[in-house]
Amino acid sequence: MDKAEKIHSLFYGFERPFFKANNRFVRSATHLGGADDATGEISIDEIKRLTEIAAGGAGTLITGLAFISPESKSFKREWGLHADERINDVARLSDEVHKFGSNLIVQICHGGGQRETSVASGSISFSPSGGIHPGCDINTDPISKDGIRKITEDFAAAALRAKKGGADGVEIHAGHGFLLTQFLSPSINKRDDEYGGSLENRSRIFYEILGSVRQAVGDGFNIWFKISMAEGTENGYGPEEGTALSIGLLKSGADGINVSSGTSYSGAMNSPSILGVSAGESEAPFAGYAAEIKKHASDRQITILTGGLRSLPVMAELIYNGTCDLLALSRPFIAEPDLINRWLEEDTRPTACISCNACFKTAKYGLIECPVLRDRNEGNWDPL
Ligand SMILES: Cc1cc2nc3c(=O)[nH]c(=O)nc-3n(C[C@H](O)[C@H](O)[C@H](O)COP(=O)(O)O)c2cc1C
């Protein structure tokens with residue numbers, strides 16, 4: 001196959017027994033900060049943003065992280081899937097996204113000790129062993145065994161809400177420093193019961209969540225885990241443990257593993273949103289992990305690669321050489337929601353995103369956007 005054919009094949013359909021996508025491109029989970037703080041209800045503006053990306057050609061969209069209980073919320077204006085009233089949010093999102101033939105995967109997350117101070121104030125926060133999470137300044141209580149059971153039930157209830165709302169699956173956020181990273185981290189998890197110590201013990205809660213979510217949603221509903229393969233800190237867990245856990249989850253019936261790496265406290269160059277990715281030069285830093293995991297995935301399971309994907313030739317090679325099945329991008333879609341159609345129809349140059357992370361800083365002004373590239377004149381795009 002020559003280079004042009006490899007690139008062209010990225011735009012062909014992709015199929016698994018319980019998952020069909022129009023192409024290999026995925027909008028990676030991206031918290032936009034568009035929800036109501038009192039109720040967790042998603043805003044019409046955030047729905048429009050996701051719809052714009054679906055209309056722009058992405059075959060699959062993963063929502064920004066949604067909290068599963070009040071104490072699991074990390075960010076201001078984070079979307080919530082903690083209550084049945086929010087099922088309608090999923091229905092509104094999936095109706096819009098499905099109109100364009102795209103899939104909707106809902107990301108569900110427990111923040112543990114990783115919470116903004118203003119979000120945590122006035123409530124109790126929890127983490128595997130208590131104390132203060134790196135980079136945060138709130139105190140947390142250790143999680144009891146009943147607390148662990150509640151977390152597995154909260155994940156299951158949130159996943160069932162996603163299913164009832166018409167989503168095509170859930171992605172359990174098990175990376176980037178949130179609660180599940182905290183359990184896996186030997187430097188954060190100091191428990192001396194069956195949830196701390198060995199890798200088997202530090203991973204136990206992942207398998208329990210998979211079991212309770214599967215029981216709630218049944219077979220045929222996608223359950224993906226997004227995992228940081230390495231914690232990215234000196235005393236943190238390394239890629240041997242991250243990949244072993246991912247392979248274990250596949251063997252236990254997860255439908256997909258989304259490969260990421262690093263945490264919010266591992267520094268700019270070890271973070272999941274690596275700074276200054278250069279198209280054709282420093283793309284796909286986590287590809288090696290994905291290749292290892294894909295070797296262990298069955299032909300019913302999906303390996304998704306996220307992080308620093310910027311140009312068609314690099315992505316075409318990753319699919320062609322069997323590194324992964326799907327390609328997930330986050331910051332490029334903040335900058336260019338119509339990126340996939342742009343690539344398909346007119347202009348195959350790499351994304352215009354320069355991976356500067358200025359988007360993160362716009363959170364304090366409202367819905368997150370790209371202050372460098374987004375054409376503000378397109379702000380009146382309105383499908384609803
Ligand atoms: C503004 C912003 C919000 C993000 N929110 C989430 C999130 O809610 N859940 C998640 O798993 N990752 C989140 N990420 C990380 C991305 O999904 C992705 O893993 C990372 O940015 C690397 O991909 P990229 O190089 O294509 O941006 C976010 C990234 C950005 C820039």
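Computed from the coordinates by the stated procedures, all read-outs in this text should not be read as laboratory data. The structure presented is a predicted model; accordingly, all values stated were derived computationally and were not measured. Note that each Cβ is placed from the backbone with ideal geometry, even for glycine, and that neighbours are counted across all protein chains shown.
Laid out as a table, the results:
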| item | result |
| --- | --- |
| Relative packing of 41-54, 275-288, which averages over residues the other C-beta atoms within 10 Å, highest first | 41-54, 275-288 |
| Relative contact order [Cα under 8 Å, 6+ residues apart], the chain, whole percent | 16 percent |
| Dipole axis of the chain (+1 Lys, Arg; -1 Asp, Glu on Cβ), positive-most option in Leu327, Asn23, Ala290 | Ala290 |
| Between region 248-290 and region 124-179, the alpha-carbon center distance in angstrom | 21 Å |
| FRET efficiency, 1/(1 + (r/R0)^6) with R0 25 Å, evaluated for Ser118 and Glu281 via beta carbons | 0.05 |
| Reciprocal of mean inverse Cα separation for region 3-380 (Kirkwood radius, Å) | 20.4 Å |
| Rough spin-label spacing in nm, given labels placed 7 Å along Cα→Cβ, for Glu234 and Glu15 | 5.3 nm |
| DSSP beta bridges in the chain [antiparallel fraction, %, rounded to 5] | 15 percent |
| FRET efficiency, Thr39 to Arg149 (Cβ-Cβ, R0 30 Å, nearest 0.05) | 0.70 |
| Sum of -39500 (n - 2.57) over DSSP H runs of 4+, divided by residues of the chain (222 nm, nearest 500) | -10000 deg cm²/dmol |
| Top positive-direction residue, dipole computed over the chain with Cβ charges, set Leu339, Asn201, Val119 | Asn201 |
| ³J(HN,Hα), Karplus 6.51/-1.76/1.60, whole Hz, each residue of region 207-212, x for Gly, Pro | 5, 5, 5, 4, x, 6 |
| Rounded to whole Hz, the Karplus (6.51, -1.76, 1.60) HN-Hα couplings of region 114-121, x for glycine and proline | 8, 9, 5, 4, 5, 6, 7, 5 |
| Sites Ala4 and Asn139 - FRET efficiency at Förster radius 56 Å, r taken between beta-carbons, to 0.05 | 0.45 |
| In sequence order, calculated HN-Hα J values of region 102-107 (Karplus, 6.51, -1.76, 1.60; Hz; x Gly/Pro) | 9, 8, 10, 10, 9, 8 |
